[in-house]
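The values are calculated or read from the model by the stated rules, or taken from the named source; none is laboratory data. Fair warning: this is a prediction, and the values are worked out from it, not measured in the lab. Virtual Cβ from ideal backbone geometry, glycine too; neighbours counted across all protein chains shown. Protein only, heavy atoms only, side chains kept; ligands, DNA and RNA dropped before computing areas. Shrake-Rupley method; radii C 1.70, N 1.55, O 1.52, S 1.80 Å.
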Amino acid sequence: MRCGISRKSERGATLVEFAIGATVLFTVMFAIVEFGRMLYVHNALSDAARRGARYAVVHAQADEADVKRMAVYGTTAGGTQPLVDNLTTDNVAVQYSLAPNAFGVNKGTVSVQIQNYDFKFSVPLVGGTLRMPRYTTTLTAENAGIVIYP
């Protein structure tokens with residue numbers, strides 16, 4: 001016994017200190033993991049808009065449904081598993097600046113926009129969603145269509 005304080009009166013103090021420290025540690029750890037996931041989704045959505053716009057300018061005869069499937073699934077055939085979780089073709093908007101028959105090399109642009117995507121947090125007890133910003137890519141036409149030589 002020193003200074004009139006017994007060890008019995010300090011029992012449980014270590015447990016309380018550990019609980020406080022562990023709470024802070026796990027909160028920071030989960031925040032880092034979720035931020036990393038959100039950064040991955042941000043890059044993947046930006047890439048999806050680029051992929052769709054690139055497909056549209058290289059394939060002059062592509063319709064909007066093909067461009068949307070290319071942005072979401074990475075192929076015009078579609079699929080069951082999108083490249084980004086919870087991304088659907090409803091989140092993709094395609095806009096041509098000219099009519100399809102006037103669209104050609106250096107004539108017109110196409111804009112592909114990923115919009116209204118909700119990022120879902122996976123941290124236990126927190127949950128929730130975060131609306132991601134719009135991701136837009138605009139490119140100039142690069143293909144004149146199909147040319148048949150006699």
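Extension gain for L125-T14 works out to 37.4 nm (0.36 nm per residue, less the C-alpha to C-alpha distance). The radius of gyration of the Cα set in the chain, together with its Dmax, comes out at 26.1, 106 angstrom. Computing FRET efficiency as 1/(1 + (r/R0)^6) for N143 and N86, where r is the C-beta to C-beta distance and R0 is 30 Å, gives about 0.40. Exposed loop sites are taken as trypsin sites (Lys or Arg not before Pro) in a DSSP loop (any state but H, G, I, E or B) with at most 14 other beta carbon atoms within 10 Å; the longest stretch of the chain without one runs 12-133.
Over segment 15-105, what percent of the accessible surface lies on carbon and sulfur atoms, probe 1.4 Å? Solvent-exposed carbon and sulfur of segment 15-105 make up 63 percent of the total. Between N116 and S97, the modelled label-to-label distance comes to 2.6 nm, taking each label 7 Å out from Cα in the direction of the beta carbon.
Accessible-area rank, largest first, for L98, L87: L98, L87, with all protein chains present and a 1.4 angstrom probe. Considering only L45, A31, N143, the residue lying farthest towards the positive end of the dipole of the chain is A31, judged by Cα position with unit charges set on Cβ.
Using the Cα centre of the chain as the reference point, and only Cβ charges (+1 on K/R, -1 on D/E), how large is the resulting charge dipole? Debye, rounded to the nearest 20. Write out the running numbers ahead of the final one.
Numbers: 14 positive and 11 negative charges, 132 e Å.
The dipole of the chain has a size of about 640 debye.
Return a whole-number percent for the relative contact order of segment 38-150, with Cα pairs under 8 Å and 6 or more residues apart as the contact set. Let's see the in-between values first.
Details: 200 pairs, mean separation 33.1, N = 113.
Computed value for segment 38-150: 29 percent relative contact order.
In plain terms, the bigger the Kirkwood radius, the slower the diffusion; for segment 6-76, with that radius from Cα pairs, at 25 °C and 0.890 mPa s, Stokes-Einstein puts D at 152 µm²/s. Approximating the spin labels as points 7 Å out from Cα along Cα→Cβ, the R37-to-V24 distance works out to 2.5 nm. Calculated on the Cα set of segment 66-128, radius of gyration then Dmax: 15.8, 54 Å.
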